[in-house]
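Asks: The following block contains the structure, expressed as structure tokens.
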Amino acid sequence: MDLSELDKDNTGRCRLSSPVPAVCRKEPCVLGVDEAGRGPVLGPMVYAICYCPQSRLADLEALKVADSKTLSENERERLFSKMEEDRDFVGWALDVLSPNLISTSMLGRVKYNLNSLSHDTASGLIQYALDQGVNVTQVFVDTVGLPETYQERLQQRFPDVTVTVKAKADALYPVVSAASICAKVARDQAVKSWQFVEKVQDLDTDYGSGYPNDPKTKAWLRKHVEPVFGFPQFVRFSWRTAQAILEKEAEGVMWEDSAAEEQEGSRKITSYFQSEGLQARPPHRYFQERGLESATAL
């Protein structure tokens, strides 16, 4: 799988897709949705869709696709290669959601929880397939949250498509199993070849499983936390495991109470950029390396 677009910028969202088979524009198609990497504290979450004509569903089943969690890494890569060989009737697309995007969404002023992010990403991929001209008539989704609520939401969004949302759909429907394999292969590759935008000293690429309860993952987090700037963007800093390490290993921050200032009267915003009367001190190396200077006027 070519992840070169992700390598160029892994700080937000990246969408990748195969060409749409001509037959998928003409014949009624089934489409499956699944994800990989929802729980880990390290690396991206990947949502994927896979689709094929209803008339070729038996051919997809003949590939012996299965829930990606039950397959070894080599088996997943072998099956994905087979799907690529059958691109005359099988298509796929995926969204790679960076750890930075996930955490900033969850901790923003307007909260955007992981379930909502997952639902919207799945909906976006289904819409993308329709916009590309895929003749989607049936959609099967591995649930996030209550399947009945999720199914009703998707059915309202896509009234001309028959939507089925089930728990363990990746083990029930081959087209969801295929999507599961696409998502897992993409995430595995992304984690292995992750391009760190930070200059991390003595970088250890043995992350463990990436899950919060893995001792090796916890040790990696403790090793690579920066006392002032926190974790590299490879880390989902909104996860409780990461927050606990930040609280213990990083420098504390004292936020001044604004009540006293409000009693004395409001200050002009430009006063925060003036250096008169303050003792000069060298800026942190982060600002020096980037040539950043304090603004004295707006």
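Asks: Conditions: (1) surrounded by fewer than 17 Cβ atoms within 10 Å (Cβ to Cβ); (2) outside any loop (DSSP other than H, G, I, E, B). Residue 202 meets all but one. Number of the miss?
Replies: Going through the list (1) surrounded by fewer than 17 Cβ atoms within 10 Å (Cβ to Cβ); (2) outside any loop (DSSP other than H, G, I, E, B), residue 202 breaks only (2).
Asks: Say whether the condition of being at pLDDT 65 or above and part of a helix (DSSP H, G or I) is met by at least one residue in the stretch 255-273.
Replies: no
Asks: Continuing with the same structure: I'd like the full set of residues that are open to solvent by 40 Å² or more (accessible area, probe 1.4 Å) and either hydroxyl-bearing (Ser, Thr, Tyr) or in contact with a Leu (Cβ under 8 Å, 6 or more places away or on another chain) (or both), limited to the stretch 205-240.
Replies: Matches in the stretch 205-240: 205, 209, 211, 237.
Asks: So residue 22 clears everything in (1) open to solvent by 10 Å² or more (accessible area, probe 1.4 Å); (2) under 22 Å from residue 141 (Cβ atoms); (3) among the hydrophobic types (A, V, I, L, M, F, W, C) except one condition, right? Which one?
Replies: (2)
Asks: Evaluate the following for residue 98: is it free of Cβ contacts under 8 Å to residues at least 60 places away in the same chain and closer than 30 Å to residue 205 by Cα?
Replies: It is false that residue 98 is free of Cβ contacts under 8 Å to residues at least 60 places away in the same chain and closer than 30 Å to residue 205 by Cα.
The values are calculated or read from the model by the stated rules, or taken from the named source; none is laboratory data. The model shown is predicted, which means the values in this text are computed figures rather than measured ones. Heads up, the Cβs are rebuilt from the backbone with ideal geometry, glycines too, and the neighbour counts pull from every protein chain shown. Please note that ligands, DNA and RNA were not included when accessible areas were found on the heavy atoms of the full protein model with its side chains. Shrake-Rupley method; radii C 1.70, N 1.55, O 1.52, S 1.80 Å.
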